[in-house]
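The values are calculated or read from the model by the stated rules, or taken from the named source; none is laboratory data. Keep in mind that what you see is a predicted model, and the values were worked out from it rather than measured. Please note: Cβ atoms are built from the backbone with ideal geometry, for glycine as well, and neighbour counts cover all protein chains shown.
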Amino acid sequence: MDKPTILVINPNTSEAMTVAIDRIAWEAAGTQANIVTRRSLQGPHTIEGPLDAALGATGMLEVVGAYPYSFDAVVVACFGDPGVEALRLLVRVPVIGIGAASFIQAGFLSQRFAIVTPSVGTPERYAAVTAAMGLTNQFVGTYQTPLAVADFESGDPAVVDTLVFHAQQAVKGGAECLLFGCAGIAEQIREIEERVGALCIPSVAAGVTQAIACLRHRRAPLAGGPFQRVNPKPLAGFKSLVRHYEGRA
């Protein structure tokens, strides 16, 4: 059987972050899958909050709708999992958000885990997500740094030092495993893990390995449940999605 193809989508427009995401995705896939990494072509450079997420998700849907080749799964490479439900209406393959995949794997790999985030990380949201997933008793909490998402592209050693400091605080708070609330925290993960001495899960890697696990169960197109086409109707302004609305996809 041919190796499956996983379409990894960065909802923001940052080329540098997309390159980092692609490297982590290929490393996680190993010999088990082919990776195709794309980014939104319209929307914000980074995703920091609900407005950015909504705009990024729109750009992401356009990219997936226009992609001309077959793929077996989609990984949304943003820790907030924007547009996952919408993508599940657009495609008939598993759609995995790296945030949810990270929570699941942290819950299996540790008794206690925490999230280190950029300044825009939302403790209330993460608390609600972990509660919905039944992980409240394992979730130590959210440790917000003063960093913006764009800082992770800078290469400034102070960025890693800041991440390490907050990761150390999380470990002091009881965390055995650390997640990082941005797909852009990718190149720094290995150094953080070495300096902190706790397991660190790259969120993109979690998404890719979760997709591979799903594909081991089923490679056929999904149908029913949330994986349904939208009812046919006119669509203005989104050329790559028109065929889906007209039932031609």
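List of remarks:
- Going through (1) in contact (Cβ under 8 Å) with a residue 40 or more places away in the chain; (2) surrounded by fewer than 24 Cβ atoms within 10 Å (Cβ to Cβ) one by one, S102 falls short only on (2).
- Candidates T31, T18: the one that is in contact with a Lys or Arg (Cβ under 8 Å, 6 or more places away or on another chain) and part of a helix (DSSP H, G or I) is T18.
- Flag if T13 is more than 24 Å from L147 (Cβ to Cβ), of a type in the set (S, T, Y) and either in contact (Cβ under 8 Å) with a residue 60 or more places away in the chain or surrounded by fewer than 20 Cβ atoms within 10 Å (Cβ to Cβ) (or both): no
- Of all the numbered requirements in (1) farther than 22 Å from A132 by Cβ; (2) buried (at least 21 other Cβ atoms within 10 Å of the Cβ); (3) more than 12 Å from the chain's Cα centre (by Cα), T5 misses one, and that requirement is (2).
- Checked against (1) touching a Phe, Trp or Tyr at 6+ places or on another chain (Cβ under 9 Å); (2) surrounded by 21 or more Cβ atoms within 10 Å (Cβ to Cβ); (3) over 16 Å from A206 (Cα atoms), A20 passes all but condition (3).
- Which numbered condition R88 misses (of (1) touching a strand residue (DSSP E or B) at 6+ places or on another chain (Cβ under 7 Å); (2) under 20 Å from I192 (Cβ atoms)): (2)
Residue-wise test of (1) farther than 14 Å from S102 by Cβ; (2) not assigned by TED's automatic domain parsing to the domain that holds L89.
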residue: A150; (1), (2): yes, yes
residue: T162; (1), (2): yes, yes
residue: A183; (1), (2): no, yes
residue: I192; (1), (2): yes, yes
residue: R216; (1), (2): yes, no
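- In segment 43-62, the residues that are within 20 Å of I185 (Cβ to Cβ) and outside the structural domain of E153 (by TED's automatic domain parsing) form Cβ pairs under 6 Å with partners that are surrounded by fewer than 18 Cβ atoms within 10 Å (Cβ to Cβ) and of a type in the set (G, A, S), at six or more places apart or across chains, as follows: T46/A150.
- Annotation note: of A66, A132, A77, the sole residue that is hydrophobic (A, V, I, L, M, F, W, C), over 19 Å from A167 (Cα atoms) and modelled with pLDDT of 95 or more is A77.
- Enumerated strands (runs of 3 or more DSSP E) restricted to segment 81-154, each holding at least 3 residues that are closer than 21 Å to L215 by Cβ: 95-97
- Restricting A33, A25 to residues that are surrounded by 24 or more Cβ atoms within 10 Å (Cβ to Cβ) and more than 28 Å from F238 (Cα to Cα) narrows the list to A25.
- Qualifying residue in segment 176-191 (condition: part of a helix (DSSP H, G or I) and not acidic (D, E)): yes
- Residue in segment 111-161 that is surrounded by the most Cβ atoms within 10 Å (Cβ to Cβ), counting only those that are touching a helix residue (DSSP H, G or I) at 6+ places or on another chain (Cβ under 7 Å) and hydroxyl-bearing (S, T, Y): Y143
- Tally, over segment 43-96, of residues that are closer than 24 Å to P202 by Cα, surrounded by fewer than 18 Cβ atoms within 10 Å (Cβ to Cβ) and hydroxyl-bearing (S, T, Y): 0
- For segment 91-120, the set of residues classified as basic (K, R) and in the same structural domain as V159 (by TED's automatic domain parsing) consists of R112 only.
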